[in-house]
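The block underneath contains the structure these notes are about, expressed in structure tokens.
The values are calculated or read from the model by the stated rules, or taken from the named source; none is laboratory data. In this text, all values refer to a predicted model and were calculated from it rather than measured experimentally. Reconstructed Cβ throughout: ideal geometry from the backbone, glycine too, with neighbour counts over all protein chains shown.
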Amino acid sequence: MGAETGCGWVGAWAGLAAHEATCPFAGCQRLVALLQAQNEQLQRYEGLQSENQQLQAHNRRLEAHNQQLQAALEPLQAQNQQLQQRVATLEPLVDRVRALEREEEAEGGRRRRRHVGPAAHDPPPSDEALARMGLAEVVAALRTHTAVARLAKAACGRLVDLCGEAGSKQRAADAEALEATVEAMRAHPAAATVQEQGCWVLANVCSGSDAAGARLQRAAEAGALEAAVAAMRAHPQSAGVQVQGCAVLRNVSCGADAAGAARRQQAAGAEALEAAVTAMRAHPRWAAVQAYPKPNP
């Protein structure tokens, strides 16, 4: 063993142990091995210390980051509490909203059923076909093909005929004839025949005593008063437009209740009085214009 460090002892194997016990070279070699082992342990310890310092530094960075997150979280927690309070306040309205949605869906279904008729891509029906149609079909055709002047004229003429039947005025209102007619008049302001026939429809539907008040209000909300004034102004020389326009203004403005007073105020705001005076001056020999016709029976 000591030969590696310079020991020159030579002897029998049986005396090796006794020699190494007293050989300084062997002792040095054992001491060096012990020191090397201790040095390796020290190096491992120092490495562990370095890793520990790195872990502690990383832990400090994590703690700082955690504090930043906590600081950012506090306002979010306050907002969350406010949102929870608002949700708790709105929860009682959920059932009401759902009920309204169901009502809207049901109303949408009713509207779809009322609007059954030709599709927008279908060709406009002929005048002969319109002459054979009932109220709902005519209104559906008029709304689908409002831009076609020929159809608007024929459809309004057919509605004039249909509204002369018993009980037809309310059926026409229920079929949305008032709204469809106003739309047609707005679509063809320069067509005197459309304006005359349209005013005639509005005046007829808004006459009679069978729930006429509801129809008058519906006509006013649909813009019948404004449409009649616009027609009279656009065609001052057409006595037919002036007569039927005056009839619309008179019929829709009727009513002794608050709703009637509001409709008269609406007519005044639409300058109905000025339109009527202009008509009377333009057609002094037309008794129907001068008399400002009463509602049809």
Looking only at residues in the range 179-197 that are touching a Leu at 6+ places or on another chain (Cβ under 9 Å) and within 17 Å of Thr144 (Cβ to Cβ), which one is surrounded by the most Cβ atoms within 10 Å (Cβ to Cβ)?
Thr181
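In the range 202-211, is there at least one residue being over 33 Å from the mean Cα position of the chain (by Cα), of a type outside the set (Ser, Thr, Tyr) and surrounded by fewer than 16 Cβ atoms within 10 Å (Cβ to Cβ)?
Just the residues of the range 202-211 that are over 33 Å from the mean Cα position of the chain (by Cα), to begin with: 203-211.
Narrowing the set further to residues that are of a type outside the set (Ser, Thr, Tyr) leaves 203-206, 208, 210-211.
Okay, now just the ones that are also surrounded by fewer than 16 Cβ atoms within 10 Å (Cβ to Cβ), so 210-211.
Yes: the range 202-211 contains one or more residues that are over 33 Å from the mean Cα position of the chain (by Cα), of a type outside the set (Ser, Thr, Tyr) and surrounded by fewer than 16 Cβ atoms within 10 Å (Cβ to Cβ).
Restricting the search to the range 145-187, which residues are of a type in the set (D, E, K, R) and part of a loop (DSSP other than H, G, I, E, B)? Outline the logic, then answer.
Filtering the range 145-187 for residues of a type in the set (D, E, K, R) gives 150, 153, 158, 161, 165, 169, 171, 174, 176, 179, 183, 186.
Selection gives Glu165, Glu176.
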Might you check whether a residue that is in contact with a Gly (Cβ under 9 Å, 6 or more places away or on another chain), of a type in the set (Ser, Thr, Tyr) and either outside the structural domain of Ala152 (by TED's automatic domain parsing) or in a helix (DSSP H, G or I) (or both) occurs anywhere in the range 189-198?
yes
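I need the full set of residues from the range 206-249 which are touching a His at 6+ places or on another chain (Cβ under 7 Å) and either among the aliphatic types (A, V, I, L, M) or outside the structural domain of Ala282 (by TED's automatic domain parsing) (or both), in order please. If you could, list the steps in order and put the result at the bottom.
From the range 206-249, those touching a His at 6+ places or on another chain (Cβ under 7 Å) are 239, 241-242; that's our starting set.
Of everything in the range 206-249, those that are touching a His at 6+ places or on another chain (Cβ under 7 Å) and either among the aliphatic types (A, V, I, L, M) or outside the structural domain of Ala282 (by TED's automatic domain parsing) (or both) turn out to be Ala239, Val241.
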Can you find a residue in the range 151-163 that is farther than 20 Å from Ala231 by Cβ, touching a residue at least 60 places away in the same chain (Cβ under 8 Å) and more than 34 Å from the chain's Cα centre (by Cα)?
no
Only one of (1) under 20 Å from Gln197 (Cα atoms); (2) at pLDDT 90 or above does not apply to Ala258, and that is (1)
